[in-house]
């Protein structure tokens with residue numbers, strides 16, 4: 001009976017120790033002192049960021065080249081147009097001509113068009129802009145994922161959100177071997193992330209940008225991705241590969 005009580009006490013003490021450890025880890029993550037946490041916004045933004053409409057990290061989508069826009073002016077049907085943004089981020093509209101749409105959020109573009117129309121043609125025009133096709137900001141998902149492919153990014157998107165668009169990791173996925181490839185300052189960079197740590201809150205969920213390539217390693221398989229995993233031993237840090 002005494003032995004049984006001692007075993008029970010030992011289990012309880014071990015449980016308390018584990019909880020304390022977990023609490024300490026969570027506190028270190030929040031304070032930024034944990035080695036598992038890296039502020040990815042300090043690692044440099046990708047080269048795809050440009051005035052022509054690349055992603056700038058705000059909460060709203062920014063119009064970019066090849067996006068298809070539906071523009072309407074309230075009670076002025078003759079000015080309604082469906083236009084595609086050209087490679088320079090520009091569109092052409094009746095009366096006001098060329099407008100720099102790229103790099104603007106939808107509200108910003110609506111205000112810009114309204115300002116140009118009110119300058120010489122209309123009084124307090126009400127302009128609406130709807131993005132029919134998101135084509136400028138895309139992320140590529142490959143490897144051990146349910147639905148590999150190229151997906152549009154329509155706003156600030158984290159790694160977990162991007163993977164969810166592809167149906168999430170497959171059953172054969174190595175959750176500790178998720179690699180994000182990115183071009184920064186003309187150099188090909190790669191960073192390895194651990195989905196288990198991210199889901200547990202022990203590592204930040206990094207931001208994904210347009211033209212990023214996310215590859216999930218397959219458990220037990222000898223793939224070319226293993227070379228990258230072996231050369232980048234530290235999680236969350238972008239390094240040249």
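A compact table of results
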{"item": "Scan of segment 89-113 for residues that are assigned to a helix (DSSP H, G or I) and surrounded by fewer than 16 Cβ atoms within 10 Å (Cβ to Cβ), ordered by number", "result": "107, 108, 111"}
{"item": "Odd one out for residue 141, checked against (1) under 22 Å from residue 198 (Cβ atoms); (2) in contact with a helix residue (DSSP H, G or I) (Cβ under 6 Å, 6 or more places away or on another chain)", "result": "(2)"}
{"item": "Members of segment 185-217 found to be in a loop (DSSP other than H, G, I, E, B) and farther than 20 Å from residue 156 by Cα, listed by number", "result": "185, 186, 194, 202"}
{"item": "Residues satisfying the stated conditions in segment 136-164, i.e. touching a strand residue (DSSP E or B) at 6+ places or on another chain (Cβ under 7 Å), within 30 Å of residue 81 (Cβ to Cβ) and surrounded by 14 or more Cβ atoms within 10 Å (Cβ to Cβ)", "result": "137, 138, 139, 151, 152, 153, 156, 157"}
{"item": "Lone qualifier among 210, 168, 177 - being outside the structural domain of residue 103 (by TED's automatic domain parsing) and on the phi > 0 side of the Ramachandran plot", "result": "168"}
{"item": "Residue that is modelled with the lowest pLDDT, among those in segment 114-138 that are part of a strand (DSSP E or B) and in contact with a helix residue (DSSP H, G or I) (Cβ under 9 Å, 6 or more places away or on another chain)", "result": "131"}
{"item": "In segment 177-190, residue surrounded by the most Cβ atoms within 10 Å (Cβ to Cβ) [restricted to those that are touching a helix residue (DSSP H, G or I) at 6+ places or on another chain (Cβ under 8 Å) and modelled with pLDDT of 90 or more]", "result": "178"}
{"item": "In segment 150-167, the residues that are in contact with a helix residue (DSSP H, G or I) (Cβ under 9 Å, 6 or more places away or on another chain), closer than 20 Å to residue 66 by Cβ and not in a loop (DSSP other than H, G, I, E, B)", "result": "151, 152, 157"}
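The values are calculated or read from the model by the stated rules, or taken from the named source; none is laboratory data. Given the structure is predicted, the values throughout are model-derived calculations rather than measurements. Cβ sites come from the backbone with ideal geometry, for glycine too, and all protein chains shown count toward neighbours.
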